[in-house]
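For reference, the structure discussed in these notes is given below.
The values are calculated or read from the model by the stated rules, or taken from the named source; none is laboratory data. Everything numeric here is computed off the predicted structure, so don't read it as measured data. Don't worry about glycine lacking a Cβ; one is built from the backbone with ideal geometry, like all the others, and counts go over all protein chains shown.
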Amino acid sequence: MDTEIFREILLNEGASVVGFGSVTEALDSDREMGHLARAVSIGLCANLREDNLKELRRLQTRAVKMLKEAGYRILSIPPDSDRVNGKFVSRLYPRLTHKIAATCAGIGWIGRNGLLVSSHFGPRLSLATVLTDAPLVVDAPIRESLCGECTLCRDHCPSDAITGRDWSRSDPFPVLIQADLCRSHKGKTKRTDGKPNCGLCITICPFGRNGKTAEPVANPRAKERKVHHGS
């Protein structure tokens with residue numbers, strides 16, 4: 001399977017960014033998963049539209065079909081995976097979230113807001129992951145936070161839920177967000193279509209704002225589909 005052709009097909013079918021990463025380090029010596037050493041990380045930036053999950057599932061199904069037709073094994077981790085439902089996929093989350101897979105694939109880093117941050121799309125990507133044994137050529141992983149000195153999300157968080165800590169691959173699960181404070185604030189704010197209306201940590205992030213790439217560039221090898229985000 002040609003890695004770049006695989007990537008281009010997914011980009012042409014609507015993905016905003018596609019990365020390939022080695023997840024051997026993240027999965028460590030997992031006997032059940034160790035043979036699926038590559039992750040296909042698919043990101044979709046569509047201004048948080050309601051059909052994001054539907055589109056991600058479509059793209060993920062396309063990736064799975066191509067891998068299976070080429071004779072490779074896969075494990076599909078859907079974008080709406082339930083982390084606590086007891087199923088096999090949910091048991092991966094203590095080690096391999098969509099965000100961790102995306103850092104392995106060079107798409108971005110985990111910001112102080114607890115979200116996957118891309119240099120081009122900021123924290124505005126929805127993610128899906130496919131694990132595979134296909135010998136895909138991997139992109140350079142991102143191992144450290146690239147938030148730099150920026151603390152806008154922490155300083156302006158209305159619930160004071162953001163701790164300000166930095167993520168790194170050597171400390172992949174720091175306490176970035178005090179979830180109880182975030183949930184409490186969302187429960188008190190005005191709701192839109194039945195969903196909590198906050199998201200300030202997304203809108204205030206300088207990365208990806210108005211479709212502009214902020215410095216430093218996270219991964220010069222990652223190929224991204226140009227998306228107009230409006231003004």
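Would you confirm whether any residue within region 149-161 is within 19 Å of Ala101 (Cα to Cα) and assigned to a loop (DSSP other than H, G, I, E, B)? Working first, answer last.
Going through region 149-161, the residues within 19 Å of Ala101 (Cα to Cα) turn out to be none.
Looking through region 149-161, none of the residues is within 19 Å of Ala101 (Cα to Cα) and assigned to a loop (DSSP other than H, G, I, E, B).
For region 130-147, give me the residue count where each residue is out of contact with any Leu (no Cβ under 8 Å at 6 or more places or on another chain) and more than 18 Å from Thr203 (Cα to Cα).
Count: 11.
Count, please, the residues in region 82-121 that happen to be modelled with pLDDT under 90, assigned to a loop (DSSP other than H, G, I, E, B) and either among the aromatic types (Phe, Trp, Tyr) or more than 13 Å from the chain's Cα centre (by Cα) (or both).
10
Can you confirm whether Val138 is at pLDDT 95 or above and either among the charged types (D, E, K, R) or surrounded by 24 or more Cβ atoms within 10 Å (Cβ to Cβ) (or both)?
Values: at pLDDT 95 or above: yes; either among the charged types (D, E, K, R) or surrounded by 24 or more Cβ atoms within 10 Å (Cβ to Cβ) (or both): no.
Here the answer is no, as Val138 does not meet what is asked.
Answer yes or no: is there a residue in region 165-184 that is part of a strand (DSSP E or B), out of contact with any strand residue (DSSP E or B) (no Cβ under 7 Å at 6 or more places or on another chain), under 29 Å from Lys54 (Cβ atoms) and at pLDDT below 90.
Within region 165-184, none of the residues are part of a strand (DSSP E or B), out of contact with any strand residue (DSSP E or B) (no Cβ under 7 Å at 6 or more places or on another chain), under 29 Å from Lys54 (Cβ atoms) and at pLDDT below 90.
Only residues that are more than 18 Å from Ile74 (Cβ to Cβ), among the hydroxyl-bearing types (Ser, Thr, Tyr) and buried (at least 24 other Cβ atoms within 10 Å of the Cβ): list them for region 99-130, please.
Matches in region 99-130: Thr103, Ser118.
Quick one: is Arg124 basic (Lys, Arg), modelled with pLDDT of 90 or more and within 30 Å of Phe6 (Cβ to Cβ)?
Against the criterion (basic (Lys, Arg), modelled with pLDDT of 90 or more and within 30 Å of Phe6 (Cβ to Cβ)), Arg124 qualifies.
Quick one: in region 185-200, of everything that is surrounded by 15 or more Cβ atoms within 10 Å (Cβ to Cβ) and part of a helix (DSSP H, G or I), which residue is modelled with the lowest pLDDT?
Of everything passing the filter in region 185-200, Lys186 is modelled with the lowest pLDDT.
Conditions: (1) modelled with pLDDT of 80 or more; (2) surrounded by fewer than 15 Cβ atoms within 10 Å (Cβ to Cβ); (3) farther than 21 Å from Ser118 by Cβ. Thr203 meets all but one. Number of the miss?
Against the list (1) modelled with pLDDT of 80 or more; (2) surrounded by fewer than 15 Cβ atoms within 10 Å (Cβ to Cβ); (3) farther than 21 Å from Ser118 by Cβ, Thr203 comes up short only on (3).
Of everything in region 134-148, what is under 18 Å from Lys99 (Cβ atoms), out of contact with any Pro (no Cβ under 7 Å at 6 or more places or on another chain) and assigned to a loop (DSSP other than H, G, I, E, B)? Give them in sequence order.
Going through region 134-148, the residues under 18 Å from Lys99 (Cβ atoms) turn out to be 138-147.
Adding the requirement that they be out of contact with any Pro (no Cβ under 7 Å at 6 or more places or on another chain) leaves 138-145, 147.
Correct list: Val138, Asp139, Ala140, Pro141, Ile142, Arg143, Ser145, Cys147.
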